[in-house]
1. Evaluate region 174-185: report whether one residue or more is of a type in the set (Phe, Trp, Tyr), closer than 28 Å to Ala225 by Cα, exposed (fewer than 15 other Cβ atoms within 10 Å of the Cβ) and in contact with a strand residue (DSSP E or B) (Cβ under 8 Å, 6 or more places away or on another chain).
2. Name the residue, out of Glu100, Glu108, that is farther than 30 Å from Lys145 by Cα, among the acidic types (Asp, Glu) and in contact (Cβ under 8 Å) with a residue 40 or more places away in the chain.
3. Which residue is modelled with the lowest pLDDT, if the candidates are limited to region 188-200 and must be among the aliphatic types (A, V, I, L, M) and within 21 Å of Leu148 (Cα to Cα)?
4. Could you list, in sequence order, all residues of region 181-240 that are in a helix (DSSP H, G or I) and aliphatic (A, V, I, L, M)?
5. What are the residues in region 153-173 that are over 16 Å from Asn135 (Cβ atoms) and crowded, with 18+ Cβ neighbours inside 10 Å, if any?
6. Step by step: first the residues of region 1-29, then only those that are assigned to a helix (DSSP H, G or I) and under 20 Å from Glu64 (Cα atoms), then the one that is modelled with the lowest pLDDT. Which residue is that?
7. Return the residues of region 201-223 that are at pLDDT below 95 and surrounded by fewer than 13 Cβ atoms within 10 Å (Cβ to Cβ); say none if nothing qualifies.
Amino acid sequence: MKRSLLLLLVSRSLLGAELAPGISDLRLKAILSDLPREARSYWLSEEKLVPLIEQLYLNRMVAEEARKLGALQDPLLRAKLANETEKILAKWRLSKLEEEIDRRDLTEAAREYFEAHREAFKTLPKVEVYHIQINPARWGKEEAKRRLEEVLERLKKGEPFTELAKNYSDDLSASKGGYIGWVDKRKLRIPTVWPEISKLEVGAWTWFETNFGYHIVKVTGKKPARQLTFEEAKPQVLAKLKEKLLKQATEAYLEEVKRNHPVEINREALRRLIEEMRQDRL
């Protein structure tokens, strides 16, 4: 009895908890672990994962039918499985290089990298903006143009931008008087208008037309680019340094593998394969 219980516990530790018949939590983790870290949180809910588990189970049932039909005796399929297995194993081996870098204390190296690349670690210039959007898709071209001209005329008379935004804007910011906040060129929905906005003096406004309609933008504040300190830039510096070190380590490792295991290609067999596949295509 004790031995059976021990075997059960060992089995569960190796295979993981069962989420559905034949589908362990490790199989789900295997899928999620391949996603970028920032994308994983999107999937971490029952609502998202239940359909994924159902799909895994469906795949398992269909795969079982394939086995019964002798799929694993198909040489081409076995070759595909071998290719995928080796690809996964190779990816796992290369991931160990990243783990080795993660275990290193890179603080001093990061500081040196920062000093050598200070220009890369600056804040972007920012402007504080208010925005009025008039959407022709809502009003029609003629009415949208009329509303634009009306707003422009009232702004020229000195009426408050915030009140006009509340009364005329189709943007979500209308309820806040058109307030967008501090933005740089990366945070603009339409980055191409940055030169037009960034050259405005504080208190000035301009208008332009895009695929989203007519826009009136007022600048109420400006912040120039600023050099970050090492502590402020440290997360970015470490990320760039690790990326550089990983690239170097990967290239060095692969070159070593190539040296230790030089490939010899059977050209005659390759030519036969090419001719055979050309015949199949005809």
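1. Looking through region 174-185, at least one residue is of a type in the set (Phe, Trp, Tyr), closer than 28 Å to Ala225 by Cα, exposed (fewer than 15 other Cβ atoms within 10 Å of the Cβ) and in contact with a strand residue (DSSP E or B) (Cβ under 8 Å, 6 or more places away or on another chain).
2. Details: Glu108 fails: in contact (Cβ under 8 Å) with a residue 40 or more places away in the chain.
When all the criteria are applied, what remains is Glu100.
3. The qualifying residue modelled with the lowest pLDDT is Ile190.
4. Listed by number, the residues that qualify are Val193, Ile197, Ala233, Val237, Leu238, Ala239.
5. Passing the criteria: only Phe161.
6. Leu15
7. Thr210, Asn211
The values are calculated or read from the model by the stated rules, or taken from the named source; none is laboratory data. The structure displayed is predicted, hence computed values, not measured ones. Positions of Cβ are backbone-derived with ideal geometry, glycine not excepted, and every protein chain shown enters the neighbour counts.
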